[in-house]
Amino acid sequence: ANSSAIEGRNSPHIVVINCGFDFSGKNCIHGSLNYMKIEKCTINHTNSNAIDLANSTPDTIRLCRIANTGMIPMAMQDGPSKADAITTRGDNEIIEYNKIDNSGFCGVRFLGSNVIIQNNLINHSCMNLYDAGGIYTFNSRSLPRTGIKILNNIVLNTPSKNGGLYMDDHSNGI
């Protein structure tokens with residue numbers, strides 16, 4: 001796909017299971033897809049973001065293999081959200097049992113309350129950009145967040161200017 005392999009706007013209850021995506025042009029799965037379920041998928045060679053769920057809640061991303069996201073700097077989209085393996089911007093998210101390798105920016109970026117991130121293996125994050133982490137969040141508006149659980153993840157080989165787990169700008173509720 002030249003832009004997104006799956007693009008949705010206010011499209012609830014989409015289920016993507018046992019799918020393979022290779023060489024997505026911009027993003028692989030992108031949009032506001034409430035109640036999205038992504039399981040047992042393989043996503044490889046995405047130019048910008050592999051999974052980017054905007055204002056989507058509650059979602060589940062489970063048992064996926066994501067590799068080589070945002071590894072070509074000039075092919076990434078412009079703006080603040082680029083080169084992430086997984087980005088969610090909603091409440092009540094579950095991100096678990098995923099294997100992520102080689103991401104240009106964050107392995108997992110999340111914004112929201114009642115988010116569970118557990119049992120993920122994240123290797124080689126922040127390979128092209130810095131000031132982020134293997135697992136990253138921020139809260140620029142200082143909103144109160146609650147119920148965030150980050151449990152039993154393994155984050156390896158994140159360059160020294162970044163963090164394995166990076167809580168930036170007024171992060172709270174963790």
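The values are calculated or read from the model by the stated rules, or taken from the named source; none is laboratory data. Source: prediction; values computed, not measured. Cβ sites come from the backbone with ideal geometry, for glycine too, and all protein chains shown count toward neighbours. The protein model used for the area step is the full one, side chains on, heavy atoms only, and it has no ligands, DNA or RNA in it. Shrake-Rupley method; radii C 1.70, N 1.55, O 1.52, S 1.80 Å.
Look at (1) at pLDDT below 95; (2) in contact with an Asp or Glu (Cβ under 9 Å, 6 or more places away or on another chain); (3) open to solvent by less than 50 Å² (accessible area, probe 1.4 Å) and you find that residue 126 fails only one, number (2).
Looking only at residues in region 155-166 that are open to solvent by 70 Å² or more (accessible area, probe 1.4 Å) and touching a Phe, Trp or Tyr at 6+ places or on another chain (Cβ under 9 Å), which one is nearest to residue 99 (Cα to Cα)? Talk me through it step by step, then tell me what you get.
The initial filter retains those residues of region 155-166 that are open to solvent by 70 Å² or more (accessible area, probe 1.4 Å), namely 156-157, 160-161, 165.
Subset that is touching a Phe, Trp or Tyr at 6+ places or on another chain (Cβ under 9 Å): 161, 165.
Numbers: 161: 22, 165: 16 Å.
Filtering first and then ranking leaves 165.
Per the conditions (1) among the charged types (D, E, K, R); (2) crowded, with 17+ Cβ neighbours inside 10 Å; (3) more than 13 Å from residue 153 (Cβ to Cβ), the sole criterion not satisfied by residue 96 is (3). The residues of region 88-118 that are part of a strand (DSSP E or B), modelled with pLDDT under 95 and either among the acidic types (Asp, Glu) or touching a Leu at 6+ places or on another chain (Cβ under 8 Å) (or both) amount to a single one, 88. Of the residues making up region 6-31, those that are more than 16 Å from the chain's Cα centre (by Cα), small (Gly, Ala, Ser) and surrounded by 12 or more Cβ atoms within 10 Å (Cβ to Cβ) number 3. The set of residues from region 59-75 being assigned to a loop (DSSP other than H, G, I, E, B) and open to solvent by 40 Å² or more (accessible area, probe 1.4 Å) comprises 63, 71, 72. Checked against the criterion of being closer than 22 Å to residue 138 by Cβ and not in a loop (DSSP other than H, G, I, E, B), region 36-52 contains one or more residues that satisfy it. Scanning region 129-154 for residues that are modelled with pLDDT under 90, in a loop (DSSP other than H, G, I, E, B) and open to solvent by less than 20 Å² (accessible area, probe 1.4 Å) yields a count of 2.
If you go through region 44-58, how many residues are over 12 Å from the mean Cα position of the chain (by Cα) and either crowded, with 24+ Cβ neighbours inside 10 Å or under 21 Å from residue 126 (Cα atoms) (or both)? So the answer is 5. Taking the criterion of being farther than 19 Å from residue 99 by Cα and open to solvent by 40 Å² or more (accessible area, probe 1.4 Å), the residues of region 33-43 that qualify are 34, 35.
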